[in-house]
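Trainee: Quick one: structure below, then a few questions.
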Amino acid sequence: MRHDELVETSVDAVVSYVDRAVDQMAAIVTELGDDLANRKPVLPGSYSPYAILRHCLGVMEFWGGKVVAGREITRDRDAEFRARGPVTGLTAATADAKRRFRGDAATAEFAAPPRGGMDDDMSPDELEFSSQGHALLHVLEEVTQHLGQMELTRDVLRAAAAGTAPG
């Protein structure tokens, strides 16, 4: 038995968990406001909460829109990590991305092969390209991983703004 045959997962369940993680990230950037949401911690390789959420929206668009639904999309992954702007615009983009992802996911045939292609730096042998279901689970993996990253980033930024050490 393969590791991915142990549990059956519905598309609706995956989408619900993705929505919850993305909603929590949107709440964090809203709570931080324009200034802190656009700051990066003074740590090597760190990103602002704004950029982290923008990247997650790109993940949803690529994996849900292109890989699952087969839509042509334009994505600049590197720009996602440099993104800056007003929180209100990002929260509006988040609501739109959630609607698109739910629509894309509704087209999924969990065990079917992906409908869309991959980027140049990806291999068709990667687990995420095994099926449309694997692609949707990868979105869940990414947004929950980045939610944790954002929670830590928020704590570091708050501590720095207050002049205290986190913890």
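Trainee: Quick check on the chain: helices-only [θ] at 222 nm, where DSSP H runs of length 4 and up contribute -39,500 (n - 2.57) each and the sum goes over total residues. Nearest 500, please.
Mentor: So the helix-based figure for the chain works out to -19500 deg cm²/dmol.
Trainee: Then there's this: Pick out, in residue order, every one of the GluC sites (Glu not before Pro) in segment 14-76 that is DSSP loop and has at most 10 other C-beta atoms within 10 Å; say none if there are none.
Mentor: E72
Trainee: Something else: For the chain, which whole percent of the accessible surface, found with a 1.4 angstrom probe, sits on carbon and sulfur atoms?
Mentor: Summing carbon and sulfur atoms, their accessible area is 52 percent of the total for the chain.
Trainee: On to the next question. Using each residue's phi in segment 62-76, evaluate 6.51 cos²θ - 1.76 cosθ + 1.60 at θ = phi - 60° and report the 3J(HN,Hα) Karplus result to the nearest Hz, with x for Gly and Pro.
Mentor: Working through the residues one at a time gives 5, 6, x, x, 8, 6, 7, 8, x, 6, 6, 10, 10, 9, 10 Hz.
Trainee: When all protein chains stay in place, what accessible area (Å², nearest 10, 1.4 Å probe) is found for S16?
Mentor: Roughly 60 Å² of S16 is accessible to a 1.4 Å probe.
Trainee: Can you give me the accessible area per residue for the chain, using a 1.4 Å probe, in Å²? Show your work: numbers first, answer last.
Mentor: Numbers: 8940 Å² over 167 residues.
Per-residue value: 54 Å².
Trainee: Spelling out what I want: for every residue of segment 94-102, take phi, set θ = phi - 60°, compute 6.51 cos²θ - 1.76 cosθ + 1.60 (Karplus), and round to whole Hz; glycine and proline get x.
Mentor: Running phi through 6.51 cos²θ - 1.76 cosθ + 1.60 with θ = phi - 60° gives 5, 4, 5, 5, 5, 5, 5, 4, 4 Hz.
Trainee: Using only Cα atoms, figure out Rg for the chain and give it as a multiple of 2.2 N^0.38 Å.
Mentor: That works out to 1.08 for the chain.
Trainee: Can you give the charge dipole size of segment 1-107 about its Cα centre, rounded to the nearest 20 debye, using +1 on the beta carbon of Lys and Arg and -1 on the beta carbon of Asp and Glu?
Mentor: The calculated dipole for segment 1-107 is roughly 280 debye.
The values are calculated or read from the model by the stated rules, or taken from the named source; none is laboratory data. All of these numbers come straight from a predicted model, not from anything done at the bench. Cβ sites come from the backbone with ideal geometry, for glycine too, and all protein chains shown count toward neighbours. Remember, those area values only see protein heavy atoms, side chains included, never the ligands or the DNA or RNA. Shrake-Rupley method; radii C 1.70, N 1.55, O 1.52, S 1.80 Å.
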